[in-house]
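Structure first, then comments.
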Amino acid sequence: MAADPSAQRPGTPPPRLRPHTRRQPWILTYHSVTDTGDDPYGITVSPRRLGEQLSWLRGRGLRGVGVSELMRAHAAGRRGLVGLTFDDGYADFLQEALPVLRVHGCTATVFVLPGRPGGVNEWDPLGPRKPLLTLDEIRRVAGAGMEVGSHGLLHQDLTELSDEELRHETVRSRELIGELTGVLPEGFCYPYGTFDRRVSAAVGSAGYGYGCALAPGPLISRFALPRTHVSQADRGVRLWAKDLRHGLRHGAVPGAGSRSASPARAGGPR
């Protein structure tokens, strides 16, 4: 395999890998941070690789923060931030991801499942089974300065639920997180990245300030923020390419003028 050009100057991209300007904030999607030996869905990164990715971002003048902070900064015209999100509320966030985030001066949004405290990822038929944050651990995540958002109660495809079930998944999960952390969550993340207009409207009605999707296509809005999936394979050039793709889909790149996003289905790989 050819050497990654970004490794030639640790923490600093080669001259051609310059940051891309954009109108839509860039938000990265992580899940589990642990050993990657058994990873059928490509959702796990090692602590070492996470550190390399954060170092690469910092070398480009970007600091990782939670989505609420990112949106406030973007509205105020401040740049130099990238959103970091961790879906599903895996217990390894506290053990593996948090220490790496602290080393690099970053924060993040952790989307948790208050209806499955201390459970496992039963929705992944291929496994492996990974423990989820307990109620006490969710409090510790918030106490560590991370933003805690809702991923619903049970990790269900919200588009398949009745109106009452949908209301319960959005409203009750927000209430439970508020009781745990002392702060009602601002953000919601759609399980599997799947949503429609009815679901995004329910998230807004439940009192959330934003909703995170994966590839929202024409439904993009404050309640359907696009995100970029990050895997173990992503290093300098691949991250730069994903940044470029984000800019082409959701904003502008230097010298290229405005580019409109191509139609895409609302769902994603998870």
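I need the full set of residues from the range 51-68 which are under 15 Å from the mean Cα position of the chain (by Cα) and either outside any helix (DSSP H, G or I) or surrounded by fewer than 21 Cβ atoms within 10 Å (Cβ to Cβ) (or both), in order please.
The answer is 63, 64, 65, 66, 68.
If I go through the range 97-122 residue by residue, how many of them are of a type in the set (S, T, N, Q) and either assigned to a loop (DSSP other than H, G, I, E, B) or within 16 Å of residue 49 (Cβ to Cβ) (or both)?
The total comes to 2.
Among residues belonging to the range 233-262 that are open to solvent by 50 Å² or more (accessible area, probe 1.4 Å) and within 30 Å of residue 38 (Cβ to Cβ), point out the one that is modelled with the lowest pLDDT.
Here the residue is 245.
For the range 161-181, give me each residue that is touching a Ser or Thr at 6+ places or on another chain (Cβ under 9 Å) and open to solvent by 20 Å² or more (accessible area, probe 1.4 Å).
Residues satisfying the conditions are 167, 171, 174, 176.
I need the full set of residues from the range 189-204 which are in contact (Cβ under 8 Å) with a residue 40 or more places away in the chain, of a type in the set (Phe, Trp, Tyr) and within 25 Å of residue 135 (Cβ to Cβ), in order please.
Within the range 189-204, just 192 meets the criteria.
Of everything in the range 69-93, what is part of a helix (DSSP H, G or I) and closer than 30 Å to residue 128 by Cα? Give them in sequence order.
92, 93
Which ones in the range 143-160 are open to solvent by 20 Å² or more (accessible area, probe 1.4 Å) and in a loop (DSSP other than H, G, I, E, B)?
If the condition is that a residue be open to solvent by 20 Å² or more (accessible area, probe 1.4 Å) and in a loop (DSSP other than H, G, I, E, B), then 144, 145, 154, 156, 157 are the ones that fit.
Of everything in the range 86-112, what is of a type in the set (Gly, Ala, Ser) and out of contact with any Pro (no Cβ under 9 Å at 6 or more places or on another chain)? Give them in sequence order.
Once the filter is applied, which keeps residues that are of a type in the set (Gly, Ala, Ser) and out of contact with any Pro (no Cβ under 9 Å at 6 or more places or on another chain), the range 86-112 yields 105, 108.
Are there any pairs, at least 6 apart or on different chains, whose C-beta atoms fall under 6 Å, with the first in the range 51-68 and more than 14 Å from residue 103 (Cα to Cα) and the second of a type in the set (Ser, Thr, Tyr) and open to solvent by less than 20 Å² (accessible area, probe 1.4 Å), and if so, which?
Listed pairs, sorted by first residue: 66/109; 67/109.
For the structure I just gave you, tell me whether residue 105 is more than 25 Å from residue 63 (Cα to Cα) and touching a residue at least 12 places away in the same chain (Cβ under 8 Å). Spell out how you get there, then give the answer.
Numbers: more than 25 Å from residue 63 (Cα to Cα): no; touching a residue at least 12 places away in the same chain (Cβ under 8 Å): yes.
Spelling it out, it is not the case that residue 105 is more than 25 Å from residue 63 (Cα to Cα) and touching a residue at least 12 places away in the same chain (Cβ under 8 Å).
Can you find a residue that is free of Cβ contacts under 8 Å to residues at least 40 places away in the same chain and within 30 Å of residue 102 (Cβ to Cβ) anywhere in the range 146-153?
yes
Output the number of the condition that residue 265 fails; it satisfies all remaining conditions of (1) farther than 24 Å from residue 38 by Cβ; (2) modelled with pLDDT of 50 or more.
Residue 265 satisfies every listed condition except (2).
The values are calculated or read from the model by the stated rules, or taken from the named source; none is laboratory data. Predicted model, so just to flag it, every value in this text is computed and none were measured. So basically every Cβ, Gly included, is an ideal-geometry build from the backbone, and we count neighbours across all protein chains shown. Surface accessibility is based on the protein's heavy atoms, side chains included, excluding ligands, DNA and RNA. Shrake-Rupley method; radii C 1.70, N 1.55, O 1.52, S 1.80 Å.
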